[in-house]
Amino acid sequence: MAQLWWLSFCDPAKPSGQQFLGACIVNACCMLDAIREAHSLGCNPGGEAVGHSVPADCQHRVKPHQIGVLLNREQAESFDKELN
């Protein structure tokens with residue numbers, strides 16, 4: 001069953017403070033599918049990916065325009081504040 005996944009991308013080879021590449025929210029069944037979906041939607045900038053499913057009680061807070069797009073640091077931090 002598909003659910004929302006939050007993915008964050010980084011490049012540990014870059015200097016400190018420049019490692020964050022972006023984040024995105026996608027619909028997928030598992031982490032591996034989420035990474036593939038982000039790639040197919042063009043919101044996977046490469047690098048290492050970490051992620052987790054968006055808690056069921058928070059999924060209603062995700063707006064359709066926030067799904068499938070690459071979020072920069074400011075957008076990701078703002079979204080994180082909205083969920084907490």
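Among the residues making up region 7-28, those that are over 11 Å from Leu70 (Cα atoms) and either part of a loop (DSSP other than H, G, I, E, B) or in contact with a Gly (Cβ under 7 Å, 6 or more places away or on another chain) (or both) are Cys10, Asp11, Pro12, Ala13, Lys14, Pro15, Ser16, Gly17, Gln18, Gln19. Can you find a residue in region 7-17 that is hydrophobic (A, V, I, L, M, F, W, C) and buried (at least 19 other Cβ atoms within 10 Å of the Cβ)? Looking for residues that are hydrophobic (A, V, I, L, M, F, W, C) and buried (at least 19 other Cβ atoms within 10 Å of the Cβ), one finds at least one in region 7-17, hence yes. Scanning region 47-84 for residues that are surrounded by fewer than 11 Cβ atoms within 10 Å (Cβ to Cβ) and in a loop (DSSP other than H, G, I, E, B), we see that the one that is modelled with the lowest pLDDT is Asn84. For region 29-46, a residue qualifies if it is part of a loop (DSSP other than H, G, I, E, B) and either of a type in the set (Lys, Arg) or buried (at least 16 other Cβ atoms within 10 Å of the Cβ) (or both), and the qualifying residues are Cys43, Asn44, Pro45.
The values are calculated or read from the model by the stated rules, or taken from the named source; none is laboratory data. Every value quoted in this text rests on a predicted model; they were computed, and no experiment measured them. Glycine also receives a Cβ, built like all others from the backbone with ideal geometry; neighbour counts cover every protein chain displayed.
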